[in-house]
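Undergrad: Just passing along the structure, written as structure tokens.
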Amino acid sequence: MFKRKSTDEGIALLPAHILVWTYAALLGIPIYFVFVSAFKDNIAIFDTPLALPTSLSFDNFVQAWNTVKLGRGLINSLIVTTMSEFVTLALALPAAYGIARSKGKIGAVVERIFALGFLIPAFAALVPTLLLSIKLNMYHTLPFFSLFLSATTLPISVILLAQFMRTIPHELEESAMLDGATRWQTLRYIYLPLTRAGIALVVILNFLTYWNEYLFSLVLLGYQTSTRTVQVALPVLVTNNTQYGVLLAGTLVSLIPVYIVYIFFHRKIEGALLAGSIKV
């Protein structure tokens, strides 16, 4: 009886398994193509696109690295991402704490104001941001671009963190206040440790946004080697006689930090999403 029940459940779940593996294949095949093509020349890429490379020569990686100064682009992207993450958390955590613990209408109004940030199209902010950077004499500078990126992700960061902080019992805060803790101490020693899942989720989502940004990087930082990010440097490899193996080698290098972050933090991502789905 139990075996038949198990078999029936397996048959019922078969469509779900098919969809999951189909989706995994759709994601995995392009990644596999990028990886194997990074070691090939144009002839091999077009003749046998999915075949394994005949040799593991790193000439394409060296050429991509030297042609567009990929190392400088990676450093710039790392600087921008780190600065943006720091500024976003420094502003979002206190704001989320204030909204989460506000009992009046003011907190709800402030939260709705942050939510209005979702309604502003990115293209609508492009020209005003460009003019502002020129007016402040910060055009083509990494600090201004980092501040801009932080501003774009601040609304979603505040709202997500506020939802996580609302799950913390008021009694913990009241006990800390009775013991003489200030608001900042309460935030630091109670709320931050108990909202690590939410903080991890915000950091990872923002990391992907900052690292993969292209349009505003191109406009606000330009093509100069000293300021351009890795996402702006890669299209320079596209010419009238593009070596696609070199281009894909550079693309693979730019993806390495993303995969490193995912490998080390994928459990935190899953835990944060699960915690958010249960608590919010």
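The values are calculated or read from the model by the stated rules, or taken from the named source; none is laboratory data. Note that this is a predicted model, so its numbers are computed, not measured. When we count neighbours, we look across all protein chains shown, and the Cβ atoms used for this are built from the backbone with ideal geometry, even at glycine.
Undergrad: Specify which of the listed residues (Ile199, Ile278, Ile190, Ile168) is at pLDDT below 80 and not polar (S, T, N, Q).
TA: Numbers: Ile199 fails: at pLDDT below 80; Ile190 fails: at pLDDT below 80; Ile168 fails: at pLDDT below 80.
Being at pLDDT below 80 and not polar (S, T, N, Q) holds for just one of Ile199, Ile278, Ile190, Ile168, which is Ile278.
Undergrad: Can you say whether Gly107 is in contact with a Pro (Cβ under 6 Å, 6 or more places away or on another chain) and within 19 Å of Gly198 (Cβ to Cβ), as far as the supplied structure shows? Give the steps one after another, and end with the answer.
TA: On the way: in contact with a Pro (Cβ under 6 Å, 6 or more places away or on another chain): no; within 19 Å of Gly198 (Cβ to Cβ): yes.
No: the conditions fail for Gly107.
Undergrad: A follow-up question, please. Of the numbered conditions (1) over 15 Å from Leu218 (Cβ atoms); (2) small (Gly, Ala, Ser); (3) loosely packed, with under 14 Cβ neighbours inside 10 Å, Ala176 satisfies every one except a single condition; which is it?
TA: For Ala176, the exception is condition (3).
Undergrad: Would you mind stating whether Ala176 is under 25 Å from the mean Cα position of the chain (by Cα), at negative phi and assigned by TED's automatic domain parsing to the domain that holds Ile99?
TA: no
Undergrad: Hey, another quick one. Could you please let me know if Asp59 is touching a helix residue (DSSP H, G or I) at 6+ places or on another chain (Cβ under 9 Å), surrounded by 12 or more Cβ atoms within 10 Å (Cβ to Cβ), under 14 Å from Val253 (Cα atoms) and acidic (Asp, Glu)? Steps first, please.
TA: On the way: touching a helix residue (DSSP H, G or I) at 6+ places or on another chain (Cβ under 9 Å): yes; surrounded by 12 or more Cβ atoms within 10 Å (Cβ to Cβ): yes; under 14 Å from Val253 (Cα atoms): yes; acidic (Asp, Glu): yes.
In short, yes.
Undergrad: From Leu160, Leu147, Leu142, which residue is under 25 Å from Lys103 (Cα atoms) and under 24 Å from the mean Cα position of the chain (by Cα)? Break it down stepwise before answering.
TA: Working: Leu147 fails: under 25 Å from Lys103 (Cα atoms); Leu142 fails: under 25 Å from Lys103 (Cα atoms).
Going through Leu160, Leu147, Leu142 in turn, just one is under 25 Å from Lys103 (Cα atoms) and under 24 Å from the mean Cα position of the chain (by Cα): Leu160.
Undergrad: Among Tyr139, Tyr97, which is among the aromatic types (Phe, Trp, Tyr), surrounded by 13 or more Cβ atoms within 10 Å (Cβ to Cβ), in the same structural domain as Leu187 (by TED's automatic domain parsing) and under 28 Å from Ile199 (Cβ atoms)?
TA: Numbers: Tyr139 fails: under 28 Å from Ile199 (Cβ atoms).
Only one candidate passes the filter, namely Tyr97.
Undergrad: When residues of segment 197-229 are filtered for being over 19 Å from Thr153 (Cβ atoms) and either surrounded by 17 or more Cβ atoms within 10 Å (Cβ to Cβ) or without any contact (Cβ under 8 Å) to a residue 60 or more places away in the chain (or both), how many remain?
TA: Pass one, segment 197-229, residues over 19 Å from Thr153 (Cβ atoms): 222-228.
Now narrow it down to the ones that are either surrounded by 17 or more Cβ atoms within 10 Å (Cβ to Cβ) or without any contact (Cβ under 8 Å) to a residue 60 or more places away in the chain (or both): 223, 227-228.
Matching residues across segment 197-229 total 3.
Residues checked against (1) within 23 Å of the chain's Cα centre (by Cα); (2) under 28 Å from Leu255 (Cβ atoms); (3) surrounded by fewer than 10 Cβ atoms within 10 Å (Cβ to Cβ); (4) at pLDDT 70 or above:
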| site | (1), (2), (3), (4) |
| --- | --- |
| Phe2 | no, no, yes, no |
| Lys5 | no, no, yes, no |
| Asp8 | no, no, no, no |
| Val20 | no, yes, no, yes |
| Tyr23 | yes, yes, no, yes |
| Leu26 | yes, yes, yes, yes |
| Ile29 | yes, yes, no, yes |
| Phe35 | yes, yes, no, yes |
| Lys40 | no, yes, no, yes |
